[in-house]
Structure formats: structure tokens, C-alpha cells
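Structure record follows, encoded as C-alpha cells.
All of the numbers you see were taken from the coordinates with simple rules; none came from a lab. This is a predicted model, so every value here is computed, not measured. Every residue, glycine among them, receives a Cβ derived from its backbone with ideal geometry; neighbour counts consider all protein chains shown.
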Amino acid sequence: MSPQSKKLRFIVNGALFAALTAIMAQIEIPLPIVPISGQTLAVGLTATILGSRQGAVAMVGYAALGAVGLPVFAGFSGGAQVLAGPTGGYIFGFILTAFITGYILEKTSFNLPMAIVANVTGMIITLLCGTIQLKFVLDMTWNQALAAGVYPFIAVGLIKAFLASWIGIIVRKRLIQARYIKEDTQPAAS
């Protein structure tokens, strides 16, 4: 495969997984401040399947689509005001989460136990990033921010981390078998 083809595949993968995240964001359970949505499951799947760089690029693409006003965030919302609002920290956290989750897997092994460790780590990163912005945007105490932005999401976050690990490892193996992705999913250097 030529370097141009590898770069194109890298971009297409990022776009596909940004779209997957946008679709899964619309699956939500409303809560008073921060809804439970399928976004975090999509982030875990993205990182588990694509790895650190492609996963982070997909999440940058997702955030950028929403920033320009496309309704890709939870509840069909979009715009810079969402990123600057109480839940924006979670969206920014998706970028770091995808990178760190994928990085852990790249440095260890793409297997179920390591994927669970990586996705639980990613869940913690997302919750921390979201809670920090939630605290400052809504002028909450740390206890209030944790009560609104972390505690309600721990149990469901662990379930999503397991699902992202399990499904992600299976899909990744099948994509490798189909020669759609390689063990090394990074693009060729320019």
C-alpha cells in the first residue's frame, strides 16, 4: 500500500469513527446536568480498534464537527457554546482518552484484559476532564462537581469500558484478518 493510500485510510478511519461517535451520542439517558450517552462507549471502541493516533484524530474530528455547529453532540446539540459549557470538558477529554487508551494497548497488547485496563483508565480520564470544566463553568465546589459529574457515571462507565474492550478487540481482530487495518495502524511518515 502506498504512503498516500495509508494516509487516506487513516483519514477515512478517523471520519468513520467520528461519525460513529456522533451517532452513538444520540443514544442517551437524560440526567439533570450531564446525560449518560453512548459517546463514551464510542470513544472506547475507537481507541481499542484504531489505537492512539487514529483514535485521537477521530475525536478531534468529532469535536471539530460539533464546534462548527453540526448537531453531533448528545441531544443533537452542536456549536462552540457546547464545548465552552458545563459538558465541554467531557468532549475535550475524549481526545485525551482515545489517545491514552490506544497508547496503553499499543505499548502492552491488544487483548481483553489489557483493553479493560486501558478503557477503565480512559473512563477515569474522561470523567476527570469533564468534572474539572463542570466545576469551573458552573462555579461548583469539588464535592458538588464530583456528585454531578463522576459518581452517577461510575457503574455505567465500567459497563461501557467492558463493552468497548470486548467488542473492540473482536472488531479489531476481524479488521486485521480482512486486511482493512494492520497491527500497526499508524500512517506512513511524510
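Take the alpha-carbon centre of region 127-189, take the same for region 1-69, and report the distance between them in whole Å.
Each part's Cα centre sits 11 Å from the other's.
What are the ³J(HN,Hα) values, in whole Hz, obtained from phi via the Karplus relation 6.51 cos²θ - 1.76 cosθ + 1.60 with θ = phi - 60°, for each residue of region 4-9 in sequence order, with x given for Gly and Pro?
For region 4-9, the Karplus curve yields 5, 5, 5, 5, 5, 4 Hz.
Hey, what number do you get for the chain at 222 nm if only DSSP H runs of n ≥ 4 count, each worth -39500 (n - 2.57), divided across all residues, to the nearest 500?
Only helices count here, giving -23500 deg cm²/dmol.
Grab the chain and count how many Lys pairs have their alpha-carbon atoms under 20 Å apart, sequence gap of 8 or more, or different chains.
7
Which peptide among 39-52, 113-126, 69-82, 11-24 comes first, and what is the full order, when sorted by highest mean count of other Cβ atoms within 10 Å?
39-52, 113-126, 11-24, 69-82
With the Cα gyration tensor of region 40-190 in hand, give its eigenvalues times 5 under a square root as the equivalent ellipsoid semi-axes, listed largest first in whole angstrom.
28, 18, 12
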